[in-house]
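Asks: Please find one structure pasted underneath; my questions will follow.
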């Protein structure tokens, strides 16, 4: 690289020649800035492509909104004002549904995992497994530091793209706070193998969850983000009956529009109703308002139920974690892969990273430390506790070995 106009179609289709020139300028500028700061070439290229592509998505929305605003300001056209409100509302919805990267494609290295290779087929496999519901009805979610605890958000859709795995996230209040307050900035995907609950088939790769963290292994990913913070819409009735839009507003509630329609009269009401596809029957407006109120009440009830269910899920996950920890640690003790004196330390490691600790323990050799129990003189008082003697029996330790280090058989 740098890129030329002939390269643009590979990354962004449908641009005019002039837009292609702008894309090349943005991409090459971002690439130059990234590499000048010491970034790796392949990482900088991926970042520059994303920046250039996103620039044109933003431009399209801005140009539409700018045109509508000009029409409202110069002509005072209520019909245009209604369209502007709807366009702004749709822009907010688009932001809320935006996909963002949770796992990049490429070759990566770390002190902990060594070489990591994420291919396009690997990413596509995860999307296919998600669509085939290999996790049953359970949905991948956004946890915190891989704790499998309360959800910061729920993954509603996955998409395999050229540069990685993208997810559409519906954020919870906890997740919004974690991002808005910058408690966490990055994603770390939790991948693994799952056994199909009905067939017993081993399925790989599967996305279990995505964690919010500050030290991701894949540190080439863009930061996690929410949609543009919306500002609550409030209407103010004026003598001319025009519905005002507060400065910077990006969210319009149906209830506010209905409230305005109740007091609107004449042509203004007729225009707004026509734009919204409704009749001028006042009773319909009242009915719609009552429906909205009812739905808001049902939503509150569902939110309360969701909180209770989340607490129950957390409790079940905590019990499952404890059960797994006991099984893994006791198995390692029984097989002589760790010593009783190290049990507490391994339990702490399991709490921090269950999957990795389990894998490490399974690969350890037997590790019984006889030397700490005696000098090899034999005889005298027993040097091993009853618990240790029981452990030796499980491990089939020979009597001569026990005697050699001061134990009695």
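The values are calculated or read from the model by the stated rules, or taken from the named source; none is laboratory data. Bear in mind the structure is a predicted one, so any value in this text is a computation, not a measurement. As a convention, Cβ positions derive from the backbone with ideal geometry for all residues, glycine included, and neighbour counts pool all protein chains shown.
The rows are residues; the columns are (1) modelled with pLDDT under 95; (2) outside the structural domain of residue 49 (by TED's automatic domain parsing); (3) within 26 Å of residue 201 (Cβ to Cβ).
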| position | (1), (2), (3) |
| --- | --- |
| 86 | yes, yes, no |
| 90 | yes, yes, no |
| 107 | yes, yes, no |
| 116 | yes, yes, yes |
| 121 | yes, yes, yes |
| 131 | yes, yes, yes |
| 142 | no, yes, no |
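Asks: Residue under question is residue 360, and the condition is that it be modelled with pLDDT under 85 and assigned to a helix (DSSP H, G or I); does it hold?
Replies: Values: modelled with pLDDT under 85: yes; assigned to a helix (DSSP H, G or I): yes.
The answer is yes for residue 360.
Asks: While we're here: Kindly indicate whether residue 200 is outside the structural domain of residue 35 (by TED's automatic domain parsing) and at pLDDT below 80. It would help to see each step written out before you state the result.
Replies: Working: outside the structural domain of residue 35 (by TED's automatic domain parsing): yes; at pLDDT below 80: no.
So residue 200 fails the test.
Asks: Within the range 9-19, can you find the residues that are more than 10 Å from residue 52 (Cα to Cα) and either touching a strand residue (DSSP E or B) at 6+ places or on another chain (Cβ under 6 Å) or in a helix (DSSP H, G or I) (or both)?
Replies: Result: 9, 10, 17, 18, 19.
Asks: With respect to the numbered conditions (1) exposed (fewer than 15 other Cβ atoms within 10 Å of the Cβ); (2) at pLDDT below 70; (3) under 30 Å from residue 141 (Cα atoms), which one is the sole condition not fulfilled by residue 95?
Replies: So residue 95 meets the others, but not (1).
Asks: From (1) assigned to a strand (DSSP E or B); (2) surrounded by 14 or more Cβ atoms within 10 Å (Cβ to Cβ), pick out the condition that doesn't hold for residue 134.
Replies: Evaluating residue 134 over (1) assigned to a strand (DSSP E or B); (2) surrounded by 14 or more Cβ atoms within 10 Å (Cβ to Cβ) leaves (1) as the failure.
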